[in-house]
Structures are given as structure tokens and as C-alpha cells.
1. Counting pairs of alpha carbon atoms under 8 Å apart in space and at least six apart in sequence, what relative contact order in percent does the range 139-193 give?
2. Among the Cys residues of the chain, which have no other cysteine Cβ under 4.7 angstrom away?
3. Hand me the tally of lysine pairs in the chain: alpha carbons under 17 angstrom apart, and the pair either on different chains or 8 or more positions apart.
4. Find out how many positive minus negative residues lie around GLY370, taking Lys and Arg as positive, Asp and Glu as negative, among other residues whose Cβ is under 10 Å from that of GLY370.
5. How much length is gained if the chain between GLU408 and ARG57 is pulled fully straight, taking 0.36 nm per residue apart and subtracting their Cα-Cα distance, in nm to one decimal?
6. Write down the accessible area per residue of the range 233-338 in Å², having rolled a 1.4 Å probe over the full set of protein chains.
7. Let me know the longest stretch in the chain that avoids all chymotrypsin sites (Phe, Trp or Tyr not before Pro) found in a DSSP loop with at most 11 other C-beta atoms within 10 Å.
8. On full extension of the chain, what length is gained from LEU49 through VAL469, given 0.36 nm per residue of separation minus the C-alpha to C-alpha distance?
Amino acid sequence: MSWSQSLPLLILGSSLLPGLIIFLLPEERVISRTTLNLAGAVVKIALVLAMLAGMLRGEHYQAQLPLTEGLDLMLRATPLSMLFLLLSAILWLVTTVYAVGYLEDSPNRSRFFGFFSLCVTATVGVALAGNLLTFLLFYELLTLCTYPLIVHRGTEVARRAGRNYLAYTVGGGALLLLATVWLFTLTGSLDFREGGFLAEVDASLHPQLTLVFVLLIAGLGVKAALVPLHGWLPQAMVAPAPVSALLHAVAVVKAGAFGIIRVIFDVYGINFAASLGLMLPLAALAAITIVYGSVRALFQQELKRRLAFSTVSQIAYIILGVALAGPIAATGGLVHLVHQGVQKITLFLCAGNLAETLGIHHIEEMDGVGQRMPWTMASFTLGAFGMIGAPPLAGFFSKWYLGLGALEMNQGWVILALSVSSALNAAYFLPILHRAWFREPPSSWPAERNLGNQETAWALLLPPLATAVMIVMLGVLASAPFGLVEWAGIIADRGFAP
């Protein structure tokens, strides 16, 4: 097997193998478990960077396992898959460091980190999938691996959230399976191809392709939390903070949004999907989700639930950008795939710090917390301003390109939706920051841990600090040569190529 064939498998195995070994480790083998977790995450980043460097030299990476005539399991690196893969690899390392500190004294750590690694393995498979069948396989594996993490605490509330999660995602998976089989029956192919492969299909099949598209979006829209398929996400906030970060920034919702991008770019082709009249309804649904999620976030008093409804809104920016069917808007949607992940993981890690260190779960408990935990709240502040879209942070450039793209496509109503959403973002984040920085702290916190003079444990503090720095750097370097905007622009231009 050549290097170009083995590298995708090695990237997959860098989290799969540690995860399987961790399952077998006794609880007291803390050092072995931590070493495996961190080594796997570091090796994965190194392998992904090696793949990226090879692609810049013009090399191609693909591994393929034939199943039957016309059906293969295929892993293939493309500029779009590398965007999601690199994001997942970096944020997995950050989340792993955080999870090691967060679960320091918790039971069932081997079970947790085993499924944690399998979850990332499934995400890598989703990113590198070379066809819809492979995508579906890893997409469903992601569902199965995430469920034990959501119910990890074992409480009735956690089990109820887990059942709800399964009901939504298994139902979405069934729709995705039905659409995949239907598509293969019509076309005899499921391979992802830049620009799509359906434009040349006989026109008599267009009505069926429209129905297949609806099924695909409905199936993927569950994990992407599109309204009205978002109900599982706020309930899943009962999971530990590292899992919340994983759900919102690295894996589940991002896999749904990424799947929608792949269907539009690599199955239908964005020009063909637009010619079928499918893009404008999807853009409208995304805009409704953006405003709905922001309005619901405004009325949540539990911090993690407010962040969860914020995710419902922010993920829809990605879909809106692609659905506007113009290269500039698509660039905005693609960069937001990264920006949302970095910003949201920062916010959830900070929320976890507040809960673990001071016992803060509700916004009304955050008065003066900036004085007690300045670095945590500084990171939270950067994440919040990034979500609002304040320059020069990362989120500003997402909204900038989405706005320009809307004007390019003569969709002025999108500017209104973006403006309303940004105002709502400010309305539900700024009061939190005001409480934290400008109000007097209480005489005691709800459940403060004794950490001496430390703000919190280093393993909990360093990850959000690192991602907060990334929020700034992604914004400052957004338009640098070989930067994220240029990368996303290349993907978008290829998607619109005739």
C-alpha cells in the first residue's frame, strides 16, 4: 500500500487505536490513559499537516475498499475535506487537554475517553468520506459514539436527553439512508465530485432528484439543528462540558452542516441545485433558524442552554452562505465553519470552568465573576464578541462575506436577517459581560472549589486561552496570503466552476 493510500487510514487510526486501548485500561491507569489521549491527538495533527503539505505539492490521497459493483468505501482528501479535518484535529487536542482536567476525579473515565476517541474517529471519517455511502457510515457511527457521552453522568435527566438525542438522530439517519438508496437507484453513483455529478442526469428525473434533496437536507438538518429539527440540542446540554464543546464545535452539529455542504457542492453541484429551485427555500429556512435561535437564546437563564440556542442560530449561518448560491456568500459560509467552531468551543470551555470552579450554572450567578476568574472571562468575552461579529475578530469576517455575498446575489432580505441576528447576539451576550465585569461579586459563590490562589486548574484554563488567541488570529490574519478566506475562496470557486 502506497503512502497516498495509507495516510488517510493512519489519520483515522490515530484516534481509533488509542480509543480501543483506553476501553481496556483500569480506572487507576491515569498516566497511561492521558498519554494515549494526548499522543493520539498530537499524532493526528502531525499526520493531517503532512497530508496538507502533500496536497500543496500536488499529491492526491485516497484509500478505497470495493464492496460490490459501483459501491466502495472511500476516503479521499479534497480542499473541502481538509478544512473540516484540520479544524477537527486541532480542536480535538484542545478538548482532550480540557477533558483530562475536567474529569480528573470522575468515575468511568476509561469509558468516557474510549467513546471520546471513537467520536473523533467518526468525525474524521465524515470529513474524509469520498462518497455518500462512506459519509453515511461514519455519520451513523458518530451518532452511536456520542450517545454514551451524553448519558455519561447516568442521571435520569441525562438518560432522557440521550433518548431524545437518539430519537432525533436515528430518525434523521433513516431519512439519509432512504435518500442515499434512492439516489443510487436513479444514478448508479454516490461518489463525491467537485461540481456535483447530477447535472447531466436526464431531465425526467429532476422531480425525483428534488425529493431526494429534501430528504437529504431533512436527514442532515437534524444534526445541523435546523428549525424545527433542533429540539435535541438544548436538552443535550446536560452532558459534561467537554462533550458540549465536542457536540457544538467539533463533531455533531458541524457534521450535519458539513454534510449539507457536501450534498450541495459534491453531489448536486451548486449551479444545478440552484437551477432546480432548491437554494432559495434552503436559504429562507436557514434565515428563519438564525433568527429563531437568537430569539430563544435571549430568554434562556441557564448559561449552557443560552449557548446551545446560540449554536442553533450560528450553524445556520454556514448553510445560509452556501444556499445563497454565490461564490462570496459561500466563502462566508465556509469560513464560518471554522470560526463558529473556535468561538463556540471557547464559550463552552469557559462555561465549564465557571461550573467546575465556582458552581455557576445560571447567568444570574455571574455577578462580578470577571474579578474572580479574569482569564476565563477574558476568553469568554472574546468568544462572545466574535459571535456578535465585532471587528477584527473571526466572526466579523464571516458576517462580512455573507453580507457581501447577499448583495452580490441581490438578496437584500438577508442583510436584514443578519442585522436582526447580530442585534440579538449582542442582546443576549452583552448583559452577561456586564454582569461579569461591572457588577460587584457576591460574598460567596454557589459551590467554590478550594484551589488556593489559582483561578482554576491549568488544564481547564489553558484550552480556552488558546482558542481565544485563535479567535483573534483568525480575524487578524483572515485575508493573509494562504489564509482561511483564500482557502475557502478556492473551494467556493471550484464549486461554481462549469
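1. 26 percent
2. So, CYS350.
3. Numbers: LYS223/LYS254; LYS223/LYS344; LYS254/LYS344; LYS304/LYS344; LYS344/LYS399.
The result is 5.
4. Numbers: positive: ARG372, ARG435, ARG439; negative: ASP367.
Value of the local net charge: +2.
5. Numbers: separation 351, 0.36 × 351 = 126.36 nm, distance 3.35 nm.
Extending this stretch completely gives an extra 123.0 nm.
6. On the way: 1860 Å² over 106 residues.
So the range 233-338 comes to 18 Å² accessible per residue, rounded to a whole number.
7. Numbers: sites that count: PHE299, PHE482.
Segment 1-298 is the longest.
8. Numbers: separation 420, 0.36 × 420 = 151.20 nm, distance 2.03 nm.
Difference between extended and current length: 149.2 nm.
The values are calculated or read from the model by the stated rules, or taken from the named source; none is laboratory data. Given the structure is predicted, the values throughout are model-derived calculations rather than measurements. Ideal geometry is used to build each Cβ from the backbone, glycine not excepted, and the neighbour counts take in all protein chains shown. For the accessible areas, the whole protein counts, side chains as well, though only heavy atoms, and no ligand, DNA or RNA atoms are used. Shrake-Rupley method; radii C 1.70, N 1.55, O 1.52, S 1.80 Å.
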